[in-house]
Amino acid sequence: MPDATLDRIAAAKDLQELDSIRVALLGKSGEITAKLKSLGSMDPDTRAAEAPKIHAEREAVTNAIASRKDALENAELARKLATEKVDLSLPASESISGTVHPVSQVMDELAEIFADLGFSVAEGPEIETQWYNFTALNMPEFHPARAMQDTFYLERQEGEDEARVLRTHTSPVQIRAGEKHGAPIYVIAPGRVYRSDSDATHTPMFHQVEGLVLDKGITLGHLKWTLETFLKAFFERDDVVLRMRPSYFPFTEPSAEVDVGWSMEKGRRVVGGQEGWMEVLGSGMVHPRVIANIGLDPNEWQGFAFGCGIDRLAMLKYGMDDLRAFFDGDIRWLKHYGFRALDVPTLSGGVGA
């Protein structure tokens, strides 16, 4: 291949000129493409001699073009970084301003509601030990929740007794908060969690909020009142009706699934009324073993815990049908369902204002 061809590629001043060279050499009617087409009309001996040369020429040209393209793109990026500036102090117009994601908005709403009830917000790592994610929560080694089809296990690192996991719920934060602060404690723990599941109502990553109360003389009645107060404030309706059904969770005893009444309004199912029931969260009295694992005496301290999906709460309140859209990054969806930055939830102004 003539050196002039490679020199021509290396001398391309911009991406447009480089693309013109590419078309002239490798396009449908390009110089090298014509040589490749001519192989079919050659006799076998000539083809055997010429084919490697032509293919080598095409590879050399392809690599040279890719290399020059990278160089031009990097030079253009460097130029933009050096010359273009954005004045962050300028006010953004309504047409270009971003929106607050519904999940972030609902997290703020939850924090506002529970702060009024005396709860603080606790956080914890998303990569957890199996002790905090399972064992401390009364899930023994062979509990079904540890199964590979539900849990994302990481490779065990040198020096670790067992592999870490992507937390499957925010309940480990309850253990960490209890260890750090002791009792009495009133906390909620919102955050991302991970499970191996994906469809219209499940995603491998989703958001959950857990609540934990540990104090003296805590009863199931305190749990029911807390959940009723929370759901009425969140859905901003006084006709929210709860139904608690016996259930099983390893970390609570007794355990209860909580259903909320719904009714049809303008062809859409909304929370409120009693035309039917839908499950919204799980709850129960904290298991004595969990209290002991925190380092407290279960004969002295009692408590309740509850948990629900933040994404599901957003879907129920704001009329979204497909959970997968929450994570698609579709700007049209975000503009439709997103909130303005100044839509700060307050109990006085309405958490969903």
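The values are calculated or read from the model by the stated rules, or taken from the named source; none is laboratory data. All of these numbers come straight from a predicted model, not from anything done at the bench. Counting neighbours? That spans all protein chains shown, and the Cβs are built from the backbone with ideal geometry, glycine included. Accessible surface areas use protein heavy atoms only, side chains included; no ligands, DNA or RNA. Shrake-Rupley method; radii C 1.70, N 1.55, O 1.52, S 1.80 Å.
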What are the pairs with Cβ atoms under 6 angstrom where one residue, in segment 13-41, is under 19 Å from P52 (Cβ atoms) and in contact (Cβ under 8 Å) with a residue 24 or more places away in the chain and the other, located anywhere, is charged (D, E, K, R) and open to solvent by 80 Å² or more (accessible area, probe 1.4 Å)? Sequence gap at least six, or different chains.
L25/E31; I32/R58
Just to confirm my filter: which strands (runs of 3 or more DSSP E) fall fully inside segment 175-260 and include at least 1 residues that are at pLDDT below 95, crowded, with 19+ Cβ neighbours inside 10 Å and not hydrophobic (A, V, I, L, M, F, W, C)?
185-194, 205-215
Residue pairs, Cβ under 6 Å, 6 or more apart or interchain, first in segment 55-68 and on the phi < 0 side of the Ramachandran plot, second open to solvent by 70 Å² or more (accessible area, probe 1.4 Å) and in a helix (DSSP H, G or I). List them.
I65/R22
By my count, helices (runs of 4 or more DSSP H) wholly in segment 44-163 with at least 3 residues that are surrounded by fewer than 10 Cβ atoms within 10 Å (Cβ to Cβ) are 44-83
If you go through segment 1-13, how many residues are open to solvent by 70 Å² or more (accessible area, probe 1.4 Å) and either β-branched (V, I, T) or at pLDDT 85 or above (or both)?
2
